[in-house]
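Below: the structure, in structure tokens.
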Amino acid sequence: MLEHITPLILTYNEAANIERTLERLTWAEKIIVIDSYSTDTTLEILNSYAQVEVFKRDFDSHGKQWNYGLEQVKTSWVLSLDADYIVTEDLISEIAALPVDGEIDGYFVSFKYCVLGKPVRNTRILPPRQVLFKKSKAIYIDDGHTQVLQLNGKSTLLSSYLYHDDRKPFSRWLWSQQRYTLLEAQKIIETPFQELDWVDRIRRQKVLAPGMVFIYCLIIEGWIFDGWYGWYYVFHRVLAETILAIRIIEAEKLRNN
């Protein structure tokens, strides 16, 4: 199966992460990277790996960027990865044993979250993602600040994990949230309430989400037992929801004026 897979990665200033991701993809004959004109050392790192082929494209949306990447893939299967996803040895072994032409057209993979480089725990806030799929059956569509893979076929969940290990500085995380929450707020406001999922319905109330995320992450998911790593993660999640709530309030007020 590994011979029929091309890893596909999007990058923009991912020098803090990309090398760890590439080190787990040495089995791949070719790796396609779509870079949005990075200004740090990301391109230097990418060019140091012989199997990496870099395509540069101005970023307009996640869906369009991923679909452009799919156009560059020549194999029948795609392994779609963010630049801070680490493929575990167990996952590589599980993928290698999959049939190339079986009944399943796509595979979801769950995450174990890393904080400051330390694997901590699985979190339901980061749900399983369909990262392995047949290219001919898939297309990406934009969904708020991110994208959703539409697969025309059958899917199932693999038992092994990916690590989500983002080591970019807090300033970069905050910059990303400023962009992401603007798009997410627009989606939540413009979507009819009855068409929102239950999470976005709570977010639409503005004041509820930050407090609920604090209790959910700290107590229900158990991040309180991970010491300062847990608090660090919880603070990030609460801050992200707070910024989103402010965006929604701001957008609604501007809309009504």
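The values are calculated or read from the model by the stated rules, or taken from the named source; none is laboratory data. Just so it is clear, the model here is predicted, and its values are computed rather than measured. Counting neighbours? That spans all protein chains shown, and the Cβs are built from the backbone with ideal geometry, glycine included. These area figures cover heavy atoms from the full protein model, side chains too; ligands, DNA and RNA do not enter into them. Shrake-Rupley method; radii C 1.70, N 1.55, O 1.52, S 1.80 Å.
What do you reckon, is Gln130 within 20 Å of the chain's Cα centre (by Cα), part of a strand (DSSP E or B) and of a type outside the set (D, E, K, R)?
Yes, satisfied.
Taking interchain pairs and intrachain pairs at least six residues apart, which have beta carbon atoms under 8 angstrom, with the first residue in the range 175-202 and more than 19 Å from Ile246 (Cβ to Cβ) and the second open to solvent by 80 Å² or more (accessible area, probe 1.4 Å)?
Phe193/Arg201
What residue, of Glu94, Glu53, is of a type outside the set (A, V, I, L, M, F, W, C), at pLDDT 95 or above, assigned to a helix (DSSP H, G or I) and open to solvent by 10 Å² or more (accessible area, probe 1.4 Å)?
Within the list Glu94, Glu53, the selection yields Glu94.
Name the residue, out of Asp226, Asp166, that is in contact with a strand residue (DSSP E or B) (Cβ under 7 Å, 6 or more places away or on another chain), acidic (Asp, Glu) and in contact (Cβ under 8 Å) with a residue 60 or more places away in the chain.
The conditions single out Asp226.
From the list Ile9, Ile45, Ile34, pick out the single residue that is surrounded by 20 or more Cβ atoms within 10 Å (Cβ to Cβ) and either in a loop (DSSP other than H, G, I, E, B) or without any contact (Cβ under 8 Å) to a residue 40 or more places away in the chain (or both).
Ile34
Looking for something part of a strand (DSSP E or B), closer than 25 Å to Thr11 by Cβ, of a type in the set (A, V, I, L, M) and open to solvent by 20 Å² or more (accessible area, probe 1.4 Å) - is there at least one such residue anywhere in the range 114-124?
Among the residues of the range 114-124, at least one is part of a strand (DSSP E or B), closer than 25 Å to Thr11 by Cβ, of a type in the set (A, V, I, L, M) and open to solvent by 20 Å² or more (accessible area, probe 1.4 Å), which makes the answer yes.
Considering only residues of the range 61-88 that are in a strand (DSSP E or B) and aromatic (Phe, Trp, Tyr), which is farthest from Glu29 (Cα to Cα)?
Step by step, filter the range 61-88, then rank; the result is Tyr85.
When the residues of the range 97-113 are narrowed to those that are surrounded by 16 or more Cβ atoms within 10 Å (Cβ to Cβ) and not in a strand (DSSP E or B), which ends up farthest from the chain's Cα centre (by Cα)?
Leu98
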